[in-house]
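Input: a single structure, listed below in structure tokens.
The values are calculated or read from the model by the stated rules, or taken from the named source; none is laboratory data. All of these numbers come straight from a predicted model, not from anything done at the bench. All Cβ positions, glycine included, derive from the backbone under ideal geometry; neighbour counts span all protein chains shown.
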Amino acid sequence: MSLRLYMDENAHGSITTGLRQRKVDVLTVQEDGRSGITDPQVLDRAAELNRVLFSQDDDLLAEAKKRQIAAVSFPGIVFAHQSKVSIGTCIRDLELIAQLGEPTEFLNRVQFLPL
């Protein structure tokens, strides 16, 4: 797998579990000892770790937009609205992204699920 994911603390735990069962490299904010940090800090940490961020938090979309406007680089966000995308769809689409995606394809972008 060529793409590593950083899971926002708002991401459903079943998504992380499902991805791990499929051998996707995921790290959660909680496992990283960063629970409760701000959205800008989450994106900064994802950049430090060279991981694309997966989130279900609408506020992170606003942070991404700010960075795009200000030309501040971030590693990319994959976003799924909690009430509009099933856990199974998130797992399936994130597995595809992790298997086929390259980090440069997501740089400074927001990818919405479902694909």
Confirm whether VAL85 is closer than 23 Å to ARG20 by Cβ, among the β-branched types (Val, Ile, Thr) and assigned to a loop (DSSP other than H, G, I, E, B).
yes
Of all the residues that make up region 15-46, how many are surrounded by fewer than 19 Cβ atoms within 10 Å (Cβ to Cβ) and either under 11 Å from the mean Cα position of the chain (by Cα) or touching a residue at least 40 places away in the same chain (Cβ under 8 Å) (or both)?
4
Inter-residue pairs, beta-carbon under 8 Å, first without any contact (Cβ under 8 Å) to a residue 12 or more places away in the chain and in region 62-78, second of a type outside the set (Phe, Trp, Tyr) and assigned to a loop (DSSP other than H, G, I, E, B), 6+ apart
LYS66/VAL72
Restricting attention to region 7-63, the residues that are among the basic types (Lys, Arg) and either in contact with a Phe, Trp or Tyr (Cβ under 9 Å, 6 or more places away or on another chain) or over 19 Å from ARG92 (Cα atoms) (or both) number exactly 3
Candidate set: region 58-96, residues that are acidic (Asp, Glu) and touching an Asp or Glu at 6+ places or on another chain (Cβ under 6 Å); chosen: the one farthest from GLU9 (Cα to Cα):
GLU63
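Output the residue which, of all residues in region 64-89 that are touching a Pro at 6+ places or on another chain (Cβ under 8 Å) and surrounded by 20 or more Cβ atoms within 10 Å (Cβ to Cβ), is farthest from GLN111 (Cα to Cα). Quick ask: steps written out before the conclusion?
Within region 64-89, the first condition is being touching a Pro at 6+ places or on another chain (Cβ under 8 Å), and the residues that meet it are 75-76, 80, 85, 89.
Narrowing the set further to residues that are surrounded by 20 or more Cβ atoms within 10 Å (Cβ to Cβ) leaves 75-76, 80.
Values: PRO75: 12, GLY76: 8, ALA80: 9 Å.
Taking the candidates together, the pick is PRO75.
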Restricting to region 90-115, and then to whatever is part of a helix (DSSP H, G or I) and β-branched (Val, Ile, Thr), can you tell me which residue is surrounded by the most Cβ atoms within 10 Å (Cβ to Cβ)?
ILE97
Would you check which residues across region 57-74 are within 14 Å of the chain's Cα centre (by Cα) and either at pLDDT 95 or above or assigned to a helix (DSSP H, G or I) (or both) and list them?
ASP58, ASP59, LEU60, LEU61, GLU63, ALA64, PHE74
